[in-house]
Amino acid sequence: MGKTFSKKNPIAKIFRKLIEARWFFAMSASGVASIIGISLTFGINSCRENQRVRAELHKSMLQAADNIQERFEDAQQWIAIIDNQNKVYKKADSILVAGGELPDSLCIEFRGTMPYIKISAFDHEFEKIFRGSYQLWQLQNSNDRLAYYIGQCYDGLNTVESTCLDLTESMLEMIGTVNATENFYRQPPRQWTISLLNNAKFQYYMSVRRVKLAIAADILRQAKHDYDENVVWRTNKLRKK
């Protein structure tokens, strides 16, 4: 019965004739070859794309590492400037509290040091590129921890830079506050210095300022240590690839 059905079934007859024809096998082989060729092309292109993306990620991390080094140097200079302000204040205040006479040179230094204005020139563009790359952060899940450590350094630098900016701006605001009641700003350096040293608000401000600066300096030292220990050798290894 199966044999009879096969002979009467038109679809079976067509299929049997196709099998018997040589061109069917040629067409089948050609189709398989095309599929294999497309698969290989897709695989090669995908591999090349992965290599390109990884190369871009490596380039981004190297640029970020160089940017961090520059920002470390700028932050250290800013910390040093604020620390010098605190030292000049402490020196003048110690003399005044002890009942001594302030040297003219110290009064001039005090007058020239306190109202310091720094225009922030930090370049955050590389950090934005780094933060905006999701694939880059995926590298944290592999053995390569470079992306993670770069992010940690940026976090520390942002905290330090924000604190330095706050201490710089708050100094100018405090000088303005004291000047509003004592009108000393256009006075000679000696009067200028004594007016601030004898002001209770300014004294309290300077005591708090020293603590904030000490915290920022510790954060900067730790971030720099982490950079030297965890970022430098990894970026040097990456540059050799």
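Here are the numbers for the structure shown:
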{"read-out": "Scope the range 181-191; condition assigned to a loop (DSSP other than H, G, I, E, B) and in contact with a Ser or Thr (Cβ under 8 Å, 6 or more places away or on another chain); matching residues", "value": "184, 187"}
{"read-out": "Residue in the range 162-180 that is under 26 Å from the mean Cα position of the chain (by Cα), of a type in the set (A, V, I, L, M) and within 30 Å of residue 124 (Cβ to Cβ) present", "value": "yes"}
{"read-out": "Per-region count, the range 192-205, residues touching a helix residue (DSSP H, G or I) at 6+ places or on another chain (Cβ under 9 Å), in a helix (DSSP H, G or I) and open to solvent by 90 Å² or more (accessible area, probe 1.4 Å)", "value": "1"}
{"read-out": "Residue match in the range 149-172 (condition: over 30 Å from residue 67 (Cβ atoms), of a type in the set (Gly, Ala, Ser) and open to solvent by 70 Å² or more (accessible area, probe 1.4 Å))", "value": "no"}
{"read-out": "Hits in the range 156-192 (condition: among the acidic types (Asp, Glu) and touching a residue at least 60 places away in the same chain (Cβ under 8 Å))", "value": "161"}
{"read-out": "Near pairs, Cβ below 9 angstrom, 6+ apart or cross-chain, from the range 206-234 (over 19 Å from residue 70 (Cβ atoms) and open to solvent by less than 40 Å² (accessible area, probe 1.4 Å)) to any residue that is in a helix (DSSP H, G or I) and hydroxyl-bearing (Ser, Thr, Tyr)", "value": "206/89; 209/89; 209/170; 213/163"}
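The values are calculated or read from the model by the stated rules, or taken from the named source; none is laboratory data. Just so it is clear, the model here is predicted, and its values are computed rather than measured. When we count neighbours, we look across all protein chains shown, and the Cβ atoms used for this are built from the backbone with ideal geometry, even at glycine. We work out accessible area using only protein heavy atoms, side chains counted, and drop any ligands, DNA or RNA first. Shrake-Rupley method; radii C 1.70, N 1.55, O 1.52, S 1.80 Å.
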